[in-house]
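First up is the structure itself, then whatever we jot down about it.
The values are calculated or read from the model by the stated rules, or taken from the named source; none is laboratory data. These numbers come from a predicted model, not from an experiment. Note that each Cβ is placed from the backbone with ideal geometry, even for glycine, and that neighbours are counted across all protein chains shown.
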Amino acid sequence: MAHPNLLLVDALRSTAARLKNGAHYAWGNHGACNCGNLLQVVTALSQEEILTYAHSGIGEWTELAEDFCPATNAPVSLLITKLQQIGLTPTDIHNLEYLEDRNVLEHLPGGFRWLKRNQREDVIVYFETFANMLEEQVIDLIEIPASLFADNYNEVLQTV
């Protein structure tokens, strides 16, 4: 599962918002598919630049992520590195492209259902749901020192 962090949450939400607002979407195009649109958000690269870099590797995003080796310095490694830097694993990259992380699907509004990888609306709801799940995990990771509770508790009691 992805490493929960606010950068990833924001990137997923921004990608969903761009898609809602009419950003170019074409599942069969590395630069405009699910991962391609996410990369447009997290890099300063255009759809065309992402497509050029992605074509330096062989296969779809799933294969590119699985075959990734950071030591190769191939242009596609720049893209995979960027996705990993925001907290995604190769499995997450696959799941983003095919919309098939069972945990995300179980948290969809209205309950579990299978989504279609090449449907804009399905990509949007998947990205939003994934962002919501990660945000909850980030919140769960926040530790508030007990001393803050004690201080606030005493202040609250004094105002009552």
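A few comments on the model shown:
- Of all residues in segment 75-90, those satisfying the criterion of being out of contact with any Leu (no Cβ under 8 Å at 6 or more places or on another chain) and either under 17 Å from Thr15 (Cα atoms) or touching a residue at least 24 places away in the same chain (Cβ under 8 Å) (or both) are Leu78, Gln84, Gln85, Thr89, Pro90.
- Leu45 meets the conditions (1) in a loop (DSSP other than H, G, I, E, B); (2) within 20 Å of Thr129 (Cα to Cα) in every case but one. The failed one is (2).
- Selection count where residues are in a helix (DSSP H, G or I) and touching a Lys or Arg at 6+ places or on another chain (Cβ under 7 Å), scope segment 80-104: 2
- Of all the numbered requirements in (1) in a helix (DSSP H, G or I); (2) at pLDDT 90 or above, Ala23 misses one, and that requirement is (1).
- Of everything in segment 112-137 that is among the β-branched types (Val, Ile, Thr) and touching a helix residue (DSSP H, G or I) at 6+ places or on another chain (Cβ under 6 Å), the residue that is farthest from Val41 (Cα to Cα) is Thr129.
- For Gln84, the conditions (1) under 23 Å from Arg120 (Cβ atoms); (2) of a type outside the set (D, E, K, R); (3) modelled with pLDDT of 90 or more; (4) crowded, with 16+ Cβ neighbours inside 10 Å all hold with the exception of (1).
- For first residues located in segment 95-118 and touching a residue at least 24 places away in the same chain (Cβ under 8 Å) and β-branched (Val, Ile, Thr), partners that are part of a helix (DSSP H, G or I) and surrounded by 15 or more Cβ atoms within 10 Å (Cβ to Cβ) and lie 6+ apart or on another chain with Cβ distances below 9 Å form the pairs Val104/Asn95; Val104/Tyr126; Val104/Thr129; Val104/Phe130; Val104/Met133.
- The set of residues in segment 12-22 being surrounded by fewer than 22 Cβ atoms within 10 Å (Cβ to Cβ), small (Gly, Ala, Ser) and closer than 15 Å to Gly36 by Cβ consists of Ser14 alone.
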